[in-house]
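Below is one structure, written out as structure tokens; comments come after it.
Nothing in this text is a laboratory measurement; each read-out follows from the coordinates by a stated rule. In this text, all values refer to a predicted model and were calculated from it rather than measured experimentally. Virtual Cβ from ideal backbone geometry, glycine too; neighbours counted across all protein chains shown.
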Amino acid sequence: MDHPPTTLLYHEDMFNLQSTATLLSSFLGDDGRHVLILDSTVFHPQGGGQPSDTGFITDVSSSRFNFIVQDVRSRNAVVYHYGVFEKPAEDLEGGVQVVLSVDESKRKLYSRLHSAGHLLDVCLPKVGLSHLKPGKAYHFPDGPWVEYEGKVPQAELQSKMQELELEANNLISRGMKVSVAVYPYEEASMLCGGALPEYIPKGSTPRIVKLGDFPGCPCGGTHVSNVSDLVNVKVTQMKTKKGVTKVYYTIGS
């Protein structure tokens with residue numbers, strides 16, 4: 001069954017953790033879990049190195065069913081909410097109005113981890129590592145890291161770790177606004193230092209995250225409102241292999 005693209009409400013307001021939506025379909029997935037597809041969602045699906053939100057979806061009256069959201073994924077612009085019914089739902093059909101509630105503690109943690117990764121990105125030029133170009137990232141609680149194209153001499157890894165951590169914590173202590181918005185392609189390009197990655201289609205309207213006055217970058221994830229919310233960052237490891245440098249980090253509680 002074809003579904004229209006899901007409206008991503010967290011793109012409009014990252015700090016709103018509850019919304020209403022219309023159920024489009026409900027079915028049993030290949031892994032035995034139920035799947036709900038809605039016309040809009042406040043749940044962030046796994047992607048961009050960020051874990052998916054979890055939480056609950058109930059009918060408006062909270063009497064017909066209670067769906068525990070365990071995982072959220074996006075395919076072809078349609079968001080799939082995977083989980084189990086805590087309260088069984090009989091003959092659940094499209095058109096039902098539902099209430100979505102995101103787990104607040106997990107969302108805040110994932111947002112902080114994601115913003116910390118971006119903070120390390122903007123600190124690189126400050127510590128003599130401007131030649132490193134951002135690549136993959138893993139903003140999960142079980143060992144977050146950011147990866148860059150480029151090398152760091154083995155003899156400098158330890159000192160660069162310390163410099164990077166110091167610079168990041170200096171910015172955290174001073175505080176710096178984090179802004180996220182959608183822009184026309186040309187304006188987005190200017191905000192990102194004059195060029196956008198090749199995977200961003202020309203003529204599109206990319207969503208850009210900016211930390212203070214530093215150049216921005218395209219991002220579909222959720223973030224903190226100010227880097228001071230990170231409390232502190234600890235760079236736990238930096239290693240270079242086959243032309244790629246990976247930086248592991250943790251954040252304060």
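So the values come out like this:
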| read-out | value |
| --- | --- |
| Mean Cβ neighbour count within 10 Å, used as a protection proxy, ranking 144-155, 222-233 highest first | 222-233, 144-155 |
| Segment Gln162-Ile68, length gained on full extension (0.36 nm per residue, minus Cα span) | 29.6 nm |
| Hydrodynamic radius of region 7-102 per Kirkwood, over alpha carbon pairs, in Å | 13.2 Å |
| Nearest 10 degrees, 0 to 90: helix 104-123 Cα axis against the chain principal axis | 30 degrees |
| The chain: antiparallel DSSP beta bridges as a percent of all, rounded to 5 | 95 percent |
| Long pairs among Lys133/Lys242; Lys202/Lys246; Lys108/Lys177, criterion Cα-Cα beyond 20 Å | Lys202/Lys246 |
| Placed amide H near Thr7: partners under 5 Å, 5+ positions off or other chain | Ser40, Thr41 |
| Percent of Cα pairs exceeding the 20 Å cut-off, where the set is region 107-251 | 46 percent |
| Estimated FRET transfer efficiency (Lys239, Gln97; beta-carbon r; R0 51 Å; 0.05) | 0.50 |
| Interchain or long-range residues, amide H under 5 Å from Val244's placed H | Gly150 |
| HN-Hα J in Hz across region 5-10 - Karplus 6.51, -1.76, 1.60, θ = phi - 60°, x for Gly and Pro | x, 7, 6, 8, 5, 5 |
| Cα-based helix-to-principal-axis angle, 157-174 vs the chain, degrees rounded to 10 | 60 degrees |
| Alpha carbon convex hull of the chain, volume per residue in cubic angstrom | 139 Å³ |
| Whole-Hz couplings from phi, Karplus 6.51/-1.76/1.60, listed for region 137-149; x for Gly and Pro | 8, 9, 9, 9, x, 8, x, x, 7, 10, 10, 9, 7 |
